[in-house]
Amino acid sequence: MSSGGMMMFKASKERSEETRGLIENRGSGASDAVCASLSGVGVETDGMSIDDVVTLLDWGPFHWLLLFQCGLSWACDAAEMMLLSFLVPRITPVLMPDASKEERDHYGFLLSAITFIGIWLGALVFGRVSDQLGRKPGYLISTAMVGFFGILCSFAQTMNTLIALRAVVGIGLGGVTCAVTLFSEVVAEKYRGAAIILSIGALWTFGCVFETCIAWLCFSMHGVQWRLFLVLSALPSLTLLTIFPWLVESPRYYLVHGRGEEAVQVLKAAAARNKVRLPDNLKLHAPKKPAAGGKSESHLKTLLGKKYRTTTVLLWGLWFCSVISYYGLCFVTPLYFSFQHQNEYAVTLLSALAEIPGMVATSYLVDRIGRKRTKAVMFSIGGIATFVLSVSSLPFGVLTLAAIVGRGSVLGAFNDLYVYTPEVYPTSSRAFGLGLCSAVARIAGIIVSYISFANESASEAASAVLVYSLCSFAGAVISMCLPIETKGRRLDGNEVGGG
């Protein structure tokens, strides 16, 4: 991890030592009122809030393991999405040798679009599954779908079969938000922004680099080794399944569903791993309930209620712009440079590695200037760089640099959304809210599939890149219009749904 990220993880050590001392005093019989006044964490005789306990856990081995367990989902997601940019232009001539160019283009678009349609459906389904059955079951089922159906894709004999199987893979990919929700709910606010961005960013980039390398390997062999390519692409998801016996469930999920004892067990296990002492008789505050006589609202009614309506609509716009900008660059870059007779794999690999500086910059800014401003800055830089990339007459070196800066910056803004969205919604609707944003964004994925893969020349690809630039600038404007800044916000401070 970068030195900037490590500094952020160490920034609250003094605070953690102070609150840890509070718990030790509490356990030895010190006055609750005195302990509360010394620490400022609000300990009461009838229990502690879950945010207070998560703050006491600080950052330690438990969180490093969970970061790895949840972050691996992003490596798998990246591999399956980058797969499209290499597979779509090559698969139709193999499975449809006698078809016309128009028919091949049509099926190539369908192969990409159906993946996004699957993600759209999966995001809705797994958002609900995660809020009803738990973050861990949603994460497990979605990962299994991606791995097993990804392998089955390699046995497809026709384009129709391959398209149907990729639709199921897409549904599984829609559940990747379960991992983000789980991770965000057990990390203290002080670390949450940097931890989510660094875990998503680093492992997503690893997935992109992995996929580019195996594409370079497979498609450089004699013939088009697309079946081997699909098998290797699915292996990370199958490998990820082996870590689930050691994955915990979110204690916030347990608490909201009236399973307080199980929530305490998870927190105590985390404390033991981090070598933090918690009271033996630890009790947690029950989550806030709706006003007397009121009925529990549906998830959608909560998100579109008075409290969250504006934020929800603006977030849909931001997710839409992010998918257009980021996936557009991912899909069109290999085609763009292949049209110019350049090494598409080398440029794509450099662009993927360039995501690391964007990730580090975002993780640094997000806890200093806030979530909103960070998105605006990164979208703006991405928009400028992508605009330069759209000028196809510029030298190869300039275009390569523009592709590198553009992709890294837009991914930084996208990662910031994965921090902001879970923070702004209540626990009872958090996974559904994140899943719904992801689902709305996949409509953009269908559009970007057509824009990217319908190009037949460098000039047409440059026009597509210009569209992605405009979407980046739109994202910067929308970011500053968000009514809520979540920097420093406690997750248990927004448990009541909007009216």
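Structure summary
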{"read-out": "Criterion (within 30 Å of Leu255 (Cα to Cα) and in contact (Cβ under 8 Å) with a residue 24 or more places away in the chain) met by exactly one of Ile163, Ile171", "value": "Ile171"}
{"read-out": "Candidates Gly122, Gly138, Gly175, Gly193, filtered to the one that is in contact with a helix residue (DSSP H, G or I) (Cβ under 8 Å, 6 or more places away or on another chain), within 19 Å of Cys437 (Cα to Cα) and modelled with pLDDT under 85", "value": "Gly193"}
{"read-out": "Any hit, the stretch 70-85, residues being in contact with a helix residue (DSSP H, G or I) (Cβ under 9 Å, 6 or more places away or on another chain), surrounded by fewer than 20 Cβ atoms within 10 Å (Cβ to Cβ) and modelled with pLDDT under 85", "value": "no"}
{"read-out": "Scan of the stretch 427-448 for residues that are within 14 Å of the chain's Cα centre (by Cα) and farther than 20 Å from Tyr253 by Cβ, ordered by number", "value": "Ala439, Ala441, Arg442"}
{"read-out": "Residues of the stretch 244-260 satisfying the condition of being under 13 Å from Ala179 (Cα atoms) and aliphatic (A, V, I, L, M)", "value": "Leu247, Val248"}
{"read-out": "Residue list for the stretch 420-431, filter: under 20 Å from Thr374 (Cβ atoms) and assigned to a helix (DSSP H, G or I)", "value": "Tyr420, Thr421, Pro422, Glu423, Val424"}
{"read-out": "Verdict on Leu84 being part of a helix (DSSP H, G or I) and in contact (Cβ under 8 Å) with a residue 24 or more places away in the chain", "value": "yes"}
{"read-out": "The one condition in (1) modelled with pLDDT under 80; (2) part of a helix (DSSP H, G or I); (3) not small (Gly, Ala, Ser) that Leu434 fails to fulfil", "value": "(1)"}
{"read-out": "Residue list for the stretch 343-360, restricted to those being in a helix (DSSP H, G or I), surrounded by 21 or more Cβ atoms within 10 Å (Cβ to Cβ) and of a type in the set (A, V, I, L, M, F, W, C)", "value": "Val347, Ala352, Met359, Val360"}
{"read-out": "Residue pairs meeting the criteria (Cβ under 9 Å; at least 6 apart or on separate chains; first under 15 Å from Phe387 (Cβ atoms) and polar (S, T, N, Q), in the stretch 452-479; second outside any helix (DSSP H, G or I) and at pLDDT below 80)", "value": "Ser463/Asn455"}
{"read-out": "Residue match in the stretch 182-198 (condition: buried (at least 18 other Cβ atoms within 10 Å of the Cβ), part of a helix (DSSP H, G or I), more than 14 Å from the chain's Cα centre (by Cα) and basic (Lys, Arg))", "value": "yes"}
{"read-out": "Qualifying positions in the stretch 308-323 - surrounded by fewer than 22 Cβ atoms within 10 Å (Cβ to Cβ) and over 16 Å from Ala376 (Cα atoms)", "value": "Arg309, Thr310, Val313"}
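Here is a yes/no grid of residues against (1) touching a residue at least 60 places away in the same chain (Cβ under 8 Å); (2) surrounded by fewer than 18 Cβ atoms within 10 Å (Cβ to Cβ):
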residue: Glu211; (1), (2): yes, no
residue: Ala215; (1), (2): yes, no
residue: Leu240; (1), (2): yes, no
residue: Leu247; (1), (2): yes, yes
residue: Ala272; (1), (2): no, yes
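Listed here are the residues, each with its yes/no results for (1) touching a Leu at 6+ places or on another chain (Cβ under 8 Å); (2) of a type in the set (Val, Ile, Thr); (3) part of a helix (DSSP H, G or I).
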site	(1), (2), (3)
Asn160	no, no, yes
Arg166	yes, no, yes
Ile171	yes, yes, yes
Cys178	no, no, yes
Ala202	no, no, yes
Ile214	yes, yes, yes
Leu217	no, no, yes
His222	no, no, no
Ala234	no, no, yes
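The values are calculated or read from the model by the stated rules, or taken from the named source; none is laboratory data. Values in this document were obtained by computation on a predicted structure and should not be read as measured data. Every residue, glycine among them, receives a Cβ derived from its backbone with ideal geometry; neighbour counts consider all protein chains shown.
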